[in-house]
1. Only helices (runs of 4 or more DSSP H) wholly contained in region 51-107 count here; list those with 1 or more residues that are farther than 24 Å from HIS31 by Cα and modelled with pLDDT under 85.
2. Please verify whether SER5 is exposed (fewer than 15 other Cβ atoms within 10 Å of the Cβ), under 25 Å from HIS77 (Cβ atoms) and under 15 Å from the mean Cα position of the chain (by Cα), treating the condition exactly as stated.
3. Could you give me the residue pairs with C-beta distances under 6 Å whose first residue belongs to region 25-41 and is open to solvent by 70 Å² or more (accessible area, probe 1.4 Å), whose second residue is part of a helix (DSSP H, G or I) wherever it lies, and which are 6+ apart or on separate chains?
4. Run down LEU35, LEU12, LEU18 and say which single residue is modelled with pLDDT of 90 or more and touching a Pro at 6+ places or on another chain (Cβ under 7 Å).
Amino acid sequence: MSLASKIKALRLTKGKSLQEVADAVGASKPHIWELERGTSNNPSIELVKSLANYFGVKIDYLVDEDETVEEQSELMHFFRELKSQNPDPADLEVLKAAAQALYKNKK
């Protein structure tokens, strides 16, 4: 998925207008529209950082064409939910061990 597709999908998922995104990240509405259409090449790193912060995603998610919005949203939701539960350090260690075991099985 391209940067353009991700920005548009994130904006629509959040129910924001082009103007709201532009105002939040300090860009013009036409520039955000061009980014979403893929007609603006090489946005500044400052703008990419601002967009990532605004949408609550990592910069590498925006520029990595392999990861989808759905994957990012699912992971972010899981981690936000986990954080809101204020887990014990011991519980976090169990989760880390489980994640490592799953990772090993995929190799």
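The values are calculated or read from the model by the stated rules, or taken from the named source; none is laboratory data. This structure is a prediction, so every number in the text was calculated from the model and none was measured. Every residue, glycine among them, receives a Cβ derived from its backbone with ideal geometry; neighbour counts consider all protein chains shown. Accessible surface is based on the protein model in full, side chains and every heavy atom, while ligands, DNA and RNA are left aside. Shrake-Rupley method; radii C 1.70, N 1.55, O 1.52, S 1.80 Å.
1. Qualifying helices (runs of 4 or more DSSP H): 69-84, 89-106.
2. Numbers: exposed (fewer than 15 other Cβ atoms within 10 Å of the Cβ): yes; under 25 Å from HIS77 (Cβ atoms): yes; under 15 Å from the mean Cα position of the chain (by Cα): yes.
Spelling it out, SER5 is indeed exposed (fewer than 15 other Cβ atoms within 10 Å of the Cβ), under 25 Å from HIS77 (Cβ atoms) and under 15 Å from the mean Cα position of the chain (by Cα).
3. LYS29/LEU18; LYS29/GLN19; LYS29/ALA22; TRP33/LEU18
4. Details: LEU12 fails: touching a Pro at 6+ places or on another chain (Cβ under 7 Å); LEU18 fails: touching a Pro at 6+ places or on another chain (Cβ under 7 Å).
Being modelled with pLDDT of 90 or more and touching a Pro at 6+ places or on another chain (Cβ under 7 Å) holds for just one of LEU35, LEU12, LEU18, which is LEU35.
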